[in-house]
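Notes for the one structure printed next.
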Amino acid sequence: QVQLVESGGGLVQAGGSLRLSCAASGSIFSSNAMGWYRQAPGKQRELVASITSGGGINYSDSVKGRFTISRGNAKNTIYLQMNSLKPEDTAVYYCNAIYSYVTTYWGKGTLVTVSS
């Protein structure tokens, strides 16, 4: 069973930065893709950024130019560098991983709060 553990959330003022980390464990195989989603109160969960095993990267329009997704050397860890944070970035951020192209796993989430 794959487990995803996020870390790095917290409270930051608008314009500040945070770096989220997600470590995957429990599989001898590498994921096909990993990514970050977020869910703000009263809203649906949305994709923030994703990265494939081949290095393909996708960002939502709302974070382009401010957030950067990357993989660690071990390939089972991803990071989300978040700069120029805005109050509307406040949400619970979830790590996501896809294995064997069909099985999706989720972390428990880490809260990011941006104060104005």
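The values are calculated or read from the model by the stated rules, or taken from the named source; none is laboratory data. None of these values were measured; they are calculated from a predicted model. All Cβ positions, even for glycine, are placed from backbone atoms using ideal geometry, and neighbour counts span all protein chains on display. For accessibility, only protein heavy atoms count, side chains too; no ligands or nucleic acids. Shrake-Rupley method; radii C 1.70, N 1.55, O 1.52, S 1.80 Å.
For residues that are closer than 14 Å to V2 by Cα and surrounded by 18 or more Cβ atoms within 10 Å (Cβ to Cβ), scanning just region 101-116, find the one that is nearest to the chain's Cα centre (by Cα). Within region 101-116, the match that is nearest to the chain's Cα centre (by Cα) is G107. Might you check whether a residue that is under 10 Å from the mean Cα position of the chain (by Cα), aromatic (F, W, Y), part of a strand (DSSP E or B) and within 19 Å of Y59 (Cα to Cα) occurs anywhere in region 91-100? Looking for residues that are under 10 Å from the mean Cα position of the chain (by Cα), aromatic (F, W, Y), part of a strand (DSSP E or B) and within 19 Å of Y59 (Cα to Cα), one finds at least one in region 91-100, hence yes. Cβ separations smaller than 8 Å between residues 6+ apart or across chains give the following pairs from region 57-68 residues that are free of Cβ contacts under 8 Å to residues at least 60 places away in the same chain to residues that are of a type in the set (D, E, K, R): S60/E46; S62/E88; V63/D89. When you scan region 2-12, do you find a residue that is over 15 Å from the mean Cα position of the chain (by Cα) and over 14 Å from V112 (Cα atoms), even just one? Yes; the residues of region 2-12 include at least one that is over 15 Å from the mean Cα position of the chain (by Cα) and over 14 Å from V112 (Cα atoms).
Return yes or no: is R45 modelled with pLDDT of 95 or more, open to solvent by less than 30 Å² (accessible area, probe 1.4 Å) and of a type in the set (D, E, K, R)?
Working: modelled with pLDDT of 95 or more: yes; open to solvent by less than 30 Å² (accessible area, probe 1.4 Å): no; of a type in the set (D, E, K, R): yes.
No; evaluated as a whole, the condition is false for this residue.
Yes or no: region 48-63 includes at least one residue that is modelled with pLDDT under 95, hydroxyl-bearing (S, T, Y), part of a loop (DSSP other than H, G, I, E, B) and surrounded by fewer than 18 Cβ atoms within 10 Å (Cβ to Cβ). The answer is yes, given that some residue of region 48-63 is modelled with pLDDT under 95, hydroxyl-bearing (S, T, Y), part of a loop (DSSP other than H, G, I, E, B) and surrounded by fewer than 18 Cβ atoms within 10 Å (Cβ to Cβ). Does T77 fit the bill of being without any contact (Cβ under 8 Å) to a residue 12 or more places away in the chain, under 18 Å from Q1 (Cα atoms) and either basic (K, R) or in contact with a strand residue (DSSP E or B) (Cβ under 6 Å, 6 or more places away or on another chain) (or both)? It is false that T77 is without any contact (Cβ under 8 Å) to a residue 12 or more places away in the chain, under 18 Å from Q1 (Cα atoms) and either basic (K, R) or in contact with a strand residue (DSSP E or B) (Cβ under 6 Å, 6 or more places away or on another chain) (or both).
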